[in-house]
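> Handing you this structure, nothing more for now.
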Amino acid sequence: MVVEVILFALSIAAVVSSIDFISKSVSSITRSFGVPEYLASTIILSFIISLPTFLIMSFSNLYGFPTFGVMTIIGTSIATISLIMGLFLLKNKISVAYERYRNATFMWASALLFLIVSLDNFIDRFDAIFMLLLFFFYCIYIFYRTGKSKEFVFLKPQKTKLLLLPFGILTIAIICFVIVATTAMISTRYLIDVSIFGLTILGLLLSLPLLDLIKNVFKTPTLTFDSLIGNLVVMLTVVPAVTALYCPFPYDITGNYGLAPLIILNIITLSFALATRLRENLSKGTGIILILLYIGFLAFFLI
């Protein structure tokens, strides 16, 4: 078991470093091509950040335990909206304009739809279409917001390392395969329910690259705020939907860790959406509450 644990730990460290590299590279590329910063940050970067969860979901299906991939999606989403957003709000005060409320509503709607399509214990191609439709409407809104956010435009092209980007993506793919393979070996050999790994440890570690992006990529707090929400929308709609399109998968909500994580995710996202609707500003107090929610979430599943 020691070998599997070491491989798992090294793979996590490598995937965090790789996703950090390609995120910065993509950010630089969007600048070079003059892609509006609001569009790049809320959609394009969100796809890049969600790449590990998509690969883990795909490889989990290959190994025959898709619940691990679903738990990774849920765990990463909960860590992002509570821990990462909480840490961000500790140092930044966000004025909750109408646009912030709309974005947060899309985020909660994504979590709610994920819960609804899981109620029959199976996510199929029909469910995937509904999830992609929600993402389509979100994209329409983002394009509308991009037109309104002319202050968020990359004006100065920067040098990019285009040749290194494919190697970064390939590295992430290989590492994610190793993560799923080692998890499968641990599960098979020691009869351990590895869903808790995806829900807590893996979900936490995959959200950590966002902390570095907050410091080194995003220029304004409002842009960071909207990008974090966009990342959640992509993770909760596109990742499971694309997976289900080519390989529909079961998700047993009656299992040990089935329904509870989805309910917790919906409670947190709905509470956050209501906070953006009812409050004029989100600041340190909101950040502390979000961090405490994440600590409570970890305690619920680990203790």
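Just so you know, all these numbers are worked out from the coordinates, no wet-lab data involved. Model, not experiment: these values are computed from the prediction. With ideal geometry, Cβ positions are generated from the backbone for all residues, glycine too; neighbour counts draw on all protein chains shown.
> With θ set to phi - 60° and the Karplus curve 6.51 cos²θ - 1.76 cosθ + 1.60, what are the ³J(HN,Hα) couplings of segment 270-277 in order, to the nearest whole Hz, using x for Gly and Pro?
Coupling constants for segment 270-277: 5, 4, 5, 4, 5, 4, 5, 7 Hz.
> Turning to a different aspect of this structure: Could you give the alpha-carbon Rg of segment 189-303 over 2.2 N^0.38 Å, rounded to two decimals? Don't jump to the answer; show the numbers that get you there.
On the way: Rg = 16.3 Å, N = 115, 2.2 N^0.38 = 13.4 Å.
Computed over Cα atoms of segment 189-303, the ratio equals 1.22.
> Could you give each residue of segment 284-289 its phi-based ³J(HN,Hα) in whole Hz, using Karplus coefficients 6.51, -1.76, 1.60 with θ = phi - 60°, and x for Gly or Pro?
Running phi through 6.51 cos²θ - 1.76 cosθ + 1.60 with θ = phi - 60° gives 4, x, 5, x, 5, 4 Hz.
> Based on the alpha-carbon gyration tensor of segment 193-232, what equivalent-ellipsoid semi-axes (square roots of 5 times the eigenvalues) come out, in whole Å, largest first?
On the way: eigenvalues 136, 22, 5 Å².
That gives 26, 11, 5 Å for the three semi-axes.
> Using packing as a proxy for protection, rank 138-145, 67-74, 177-184 so that the peptide with the highest average count of other Cβ atoms within 10 Å comes first.
67-74, 177-184, 138-145
> Can you compute the modelled spin-label distance between Phe300 and Ala260, with each label point 7 Å from Cα toward Cβ, in nm?
Between Phe300 and Ala260, the simple spin-label model gives 0.8 nm.
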